[in-house]
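Structure, as structure tokens:
Nothing in this text is a laboratory measurement; each read-out follows from the coordinates by a stated rule. Just so it is clear, the structure is predicted and the values come from calculations on it, not from any experiment. Every residue, glycine among them, receives a Cβ derived from its backbone with ideal geometry; neighbour counts consider all protein chains shown.
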Amino acid sequence: MNTKSELILDIKNLKVEYRTDDGVVNAVNGLDLEIEKGQTHGLVGETGAGKTTTALSVLDLIQSPPGIIVDGKIKLEGKNIRGLKDKDMESIRGNDVSMIFQDPMTSLNPVMTIEDQIAEVIEYHESGGYKEAIEKTHEMLTMVGLPPRRGKEYPHQFSGGMKQRVVIAMALACRPKLLIADEPTTALDVTIQAQVLTLMKNLKNQYGTSMLMITHDLGIVAEICDKVSVIYAGHIIEHGDLVDIFDNTRHPYTEGLFNSLPNLQDRKAKLIPIKGLMPDPTDLPTGCPFHPRCDYAMDICTKKYPEKRYRNDQHFVECHLYDSDNIKRGGVIKRG
Amino acid sequence: MDKPLIEVKGLKKYFKTPYGMLHAVDNIDFDIYKGKTLGLVGESGCGKSTTGRTILRLLEPTAGKIFFEGEDLASFSNSKMEEKRRDLQIIFQDPFSSLNPRKTVSQTIMEPMIIHKLYKTKAQMMEKVLEIMEIVGLAERLVNTYPHELDGGRRQRIGVARALSLSPKFIVCDEPVSALDVSIQAQILNLMKELQEELGLTYLFITHDLSVVNHFSDEIAVMYLGKIVERASSEELFNNPLHPYTIALLSAIPIPDIHYKPNRIILKGEITSPIEPKNVCRFVNRCGYATEKCHLEEPELIEVSKDHHVACIKEVIEMNANKSILKN
């Protein structure tokens, strides 16, 4: 097992609610997440599962009201960062932890030149002046494959893929210990996505940046991640490394995600969708929140939330189908 | 063999911009047989949605012919076209913006029937609405709900229901599942496939998602900057892609299999502007195979083997033949 010192991020029992007029949205419900240093950790789930809320909690960017972190511990390199004073949090954001948002089109300031936007981050966190910051900005632009002379241009003069490179350059400008990437390629075309993923992989190898990669695309996970956590209704329902998740799938929801994807090698294969819809987060089902959609649901699933069952040191599922014996054997669900 | 249901010949759609004419769709040909699906793939801005809209004359073609059951839609008067739209429908990408927020589910599905005066009484119409709702898997209790009360998957079912309300023969599906989660995407794709089998529908399926198009289409046309650069059956296209752009596109698909190691081709270079493009290959600046010849003339779409068309120079086609990229 890993010792705690190797963890860059350690989230325990995180609970986040959005208290709205229509009721309390239980976005994250006791989520545990550990990211090891130098690793890329994939957080996979569908719309409304709580992926982005988890990421925003780390940076204390949950809009409040209506959002409140109700409970839980968030540790960065062993130090608690939950509930810090605004000023202390500001020195972490962009410096120790930075974030790439989904849509590069809206995360840049349209009336500021590219280099000024990147330099702003560096000036804020580092002691050098503007000139030094611009110098470093040009280094960053070169690193993400953009010619520094284009730094004088404005975001509208850049294509989508180039804007996403700018956002990556900005996020990496202060050499963060942890980079949170929230669906960084969803808004991009496949050929551009391939470029950005290659870039991110190279950066990881070069600088050893730890990464939390939020995505709904298992193809991207297979390509870039070391560890995977599958999130459903604000719980991590299955976690492991790539071999655990892709070749030894245990949770019925993870199985459902794989079965929903068209198979390129066998185009005649029928898609098997997960029945039903994502549960309403203001009114989550009792017991296991997946039970109304689960083909294997049993009586106990409606009553009690399942505990973690480990297949090996790291791979666990939260599902009543398993005991300490059959989790190792597998064969309980169709896949795996 | 039968005549195709849809036959597009020399279709062009140009837009006027302050900098010159933008060639959104530039001289494309294809045909689709009854009950079949043609997948149209390409990246944003390649003209695939414009093609879909121009075929239905939601945009007026600049030039070219669109034969539907042997008649040229491009030559129809507006009123005749309006009548013909009974047979030609469209499902839009975004289930959030393509529905009128002030109309209930039944009103949305009913509107085309009212416009085309299909039924004499409201009761008859309502009966049909409920029948269609059942077909697309919308519960009857949702009949008076508004779009904002429903999730994306159900909204897209309304989009499908509206397209079906006039019992069309041909449907343009413009990225119908792109805005949906994978588990819901699979539900809608299965629904559309079942409808095709039951009702004998013909689809033009526009998407940027290559694994979806491979699953869904009989034939695939790859577009790049207003041109079709390759067209073949889905199986042939994925097993034996010949155009360098198709190869790069296929190699870029992230595949959810950890034993697959992609032999990725990363495209470099600037995308050619679609405004007043020169008469040379439009992919030439990004192509790893480009020769001098490619900078001089535009390659024609030629049939290299049965029903496999490629617009590229002979040397490159030969070089790429039978070089499957999706197998390990």
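What's the ranking of A:205-216, A:289-300 by average number of surrounding C-beta atoms within 10 Å, highest first?
Working: A:205-216: 19.5, A:289-300: 17.3.
By packing density, highest mean first, the sequence is A:205-216, A:289-300.
Applying 1/(1 + (r/R0)^6) with R0 = 60 Å to the Cβ-Cβ distance of residue A:265 and residue A:157, what FRET efficiency is obtained, to the nearest 0.05? Intermediate results must be reported in sequence, preceding the final value.
Values: r = 41 Å, r/R0 = 0.69.
Plugging the Cβ-Cβ distance into 1/(1 + (r/R0)^6) gives 0.90.
On a 23 Å Cα-Cα criterion, which of the cross-link pairs A:51/A:75; A:79/A:163; B:36/B:169 come out too long?
Details: A:51/A:75 18 Å; A:79/A:163 34 Å; B:36/B:169 11 Å.
Beyond 23 Å: A:79/A:163.
Which of the residue pairs B:12/B:227; B:34/B:84; A:73/A:303; A:37/A:177 have a Cα-Cα distance greater than 19 Å in the structure shown? Before the final figure, lay out each step's value.
Values: B:12/B:227 10 Å; B:34/B:84 17 Å; A:73/A:303 27 Å; A:37/A:177 8 Å.
The pairs that break the limit, which is 19 Å between Cα atoms, are A:73/A:303.
For A:236, B:115, which order do you get if you count the other beta carbons within 10 Å of each Cβ and list the fewest first? Mind showing how you got there, number by number?
Working: A:236 24, B:115 12.
Final ranking by Cβ density, sparse to dense: B:115, A:236.
Taking the Cα-to-Cβ direction at residue B:141 and at residue A:139 and moving 7 Å from each Cα, how far apart do the two end points lie in nm?
6.2
What Kirkwood hydrodynamic radius do you get for chain A when you take the inverse of the mean 1/r over all pairs of distinct Cα atoms, in Å? Walk me through the numbers on the way to the answer.
Values: mean 1/r = 0.0473 Å⁻¹.
Taking every pair of different Cα atoms in chain A, averaging 1/r and inverting gives 21.2 Å.
Taking every pair of Cα atoms in the stretch B:101-166, average 1/r, invert it to obtain the Kirkwood radius, and report Rg/Rh to two decimals.
Numbers: Rg = 10.9 Å, Rh = 11.6 Å.
Rounded to two decimals, Rg over Rh is 0.93.
Once a ≥ b ≥ c are taken as the square roots of the eigenvalues of the Cα gyration tensor of the stretch B:1-83, is the result rounded (a/c under 1.5), prolate (a/b larger than b/c) or oblate (a/b not larger than b/c)? The partial results should precede the final answer.
Details: a/c = 2.20, a/b = 1.37, b/c = 1.61.
Verdict is oblate for the stretch B:1-83.
If we count other beta carbons within 10 Å of each Cβ, what is the order of B:211, B:75, fewest first?
Working: B:211 19, B:75 11.
Listed from fewest to most nearby Cβ atoms, that is B:75, B:211.
If Lys and Arg each add +1 and Asp and Glu each add -1, what is the summed charge of the other residues whose beta carbon sits under 13 Å from the beta carbon of residue B:236? Could the numbers behind the result be given before it?
On the way: positive: A:267, B:231, B:306; negative: B:218, B:219, B:230, B:235, B:303, B:307.
Net charge in that neighbourhood comes out at -3.
List the aspartates and glutamates whose alpha-carbon lies under 12 Å from that of residue B:9, not counting same-chain residues fewer than 8 positions away?
Result set, ordered by chain and number: B:26, B:29, B:31, B:72.
Taking R0 as 56 Å, what's the FRET efficiency between residue B:65 and residue A:280 from their Cβ-Cβ distance, rounded to 0.05? Don't skip to the end; give the middle numbers.
Numbers: r = 51 Å, r/R0 = 0.90.
It comes out at approximately 0.65.
Cut-off under 16 Å on the C-alpha distance; same-chain residues fewer than 8 positions from residue A:131 excluded. Which aspartates and glutamates are left, in chain and number order?
A:115, A:116, A:120, A:123, A:139
How far is helix A:190-207 tilted off the main Cα axis of chain A, in degrees rounded to 10, range 0 to 90?
80
In whole angstrom, how far apart do the alpha carbon centroids of the stretch A:35-59 and the stretch B:264-306 sit?
What the calculation gives is 41 Å, centre to centre.
For a quick check: sort A:251, B:116 by the number of other beta carbons within 10 angstrom, fewest at the front.
Values: A:251 25, B:116 14.
Ordered by Cβ neighbours within 10 Å, fewest first: B:116, A:251.
With angles folded into 0 to 90 degrees, how steeply does helix A:114-125 sit against the dominant principal axis of chain A? Use alpha carbons for both and round to 10.
The answer is roughly 80 degrees.
Distance between the C-alpha centers of the stretch A:178-233 and the stretch B:107-129? Whole Å please.
With the stretch A:178-233 and the stretch B:107-129 each reduced to a Cα centre, they are spaced 48 Å.
Compute the distance from the alpha-carbon center of the stretch B:59-102 to that of the stretch A:130-160, in whole Å.
Between the Cα centres of the stretch B:59-102 and the stretch A:130-160 lies a distance of 45 Å.
Using θ = phi - 60° and the Karplus form 6.51 cos²θ - 1.76 cosθ + 1.60, what ³J(HN,Hα) does each residue of the stretch B:213-230 get, whole Hz, x for Gly and Pro?
5, 5, 5, 9, 9, 7, 10, 10, 10, 9, 9, 9, 6, x, 10, 8, 9, 7
Output needed: percent of Cα pairs per 10 Å distance bin for the stretch A:197-334, bins running from 0 to the one holding the longest distance.
11, 37, 34, 15, 2, 0
I want to check the label-to-label distance for residue A:205 and residue A:89. Put each point 7 Å from Cα in the C-beta direction and report it in nm to one decimal.
The modelled label-to-label distance comes out at 3.8 nm.
If the cut-off is 15 Å between C-alpha atoms, which aspartates and glutamates fall inside it for residue A:85, apart from same-chain ones fewer than 8 positions away?
Within reach: A:60.
With angles folded into 0 to 90 degrees, how steeply does helix A:160-172 sit against the dominant principal axis of chain A? Use alpha carbons for both and round to 10.
The angle comes out at about 90 degrees.
Tally Lys and Arg at +1 and Asp and Glu at -1 over the other residues with C-beta under 11 Å from the C-beta of residue B:245: what net charge comes out? Working shown, then result.
Numbers: positive: B:227, B:282, B:286; negative: B:43, B:230.
It works out to a net charge of +1.
Explain nothing, just the number: dipole magnitude of chain A about its Cα centre with +1 on each Lys and Arg Cβ and -1 on each Asp and Glu Cβ, in debye rounded to the nearest 20.
Working: 40 positive and 47 negative charges, 119 e Å.
Computed about the Cα centre, the dipole is about 560 debye.
Would you tally the net charge around residue B:209, using a Cβ to Cβ cut-off of less than 14 Å, leaving residue B:209 out, and scoring K and R as +1, D and E as -1? List each step's numbers first, then the result.
Values: positive: A:267, B:48; negative: A:189, A:217, B:43, B:174, B:175, B:181.
Taking every Cβ under 14 Å from that of residue B:209, the sum is -4.
7 Å from Cα along Cα→Cβ at both residue A:175 and residue A:73: what's the point-to-point distance in nm?
About 3.0 nm separates the two model spin labels.
How high is the FRET efficiency from residue A:295 to residue B:297, r the C-beta distance, R0 51 Å, rounded to 0.05?
Values: r = 58 Å, r/R0 = 1.13.
It comes out at approximately 0.30.
Based on C-alpha coordinates, I'd like the Rg and Dmax of the stretch B:172-328, in Å.
Calculated on Cα positions, Rg and Dmax stand at 16.8, 51 Å.
Using only the Cα atoms of chain B, construct the convex hull and provide its projected area averaged over every direction, in square nanometres to one decimal.
18.6
Using just the alpha carbons, could you tell me how many Å³ per residue the convex hull of the protein assembly as shown encloses? Can you show the working numbers first?
Values: hull volume 117.7 nm³, N = 664.
Convex hull volume per residue, Cα atoms: 177 Å³.
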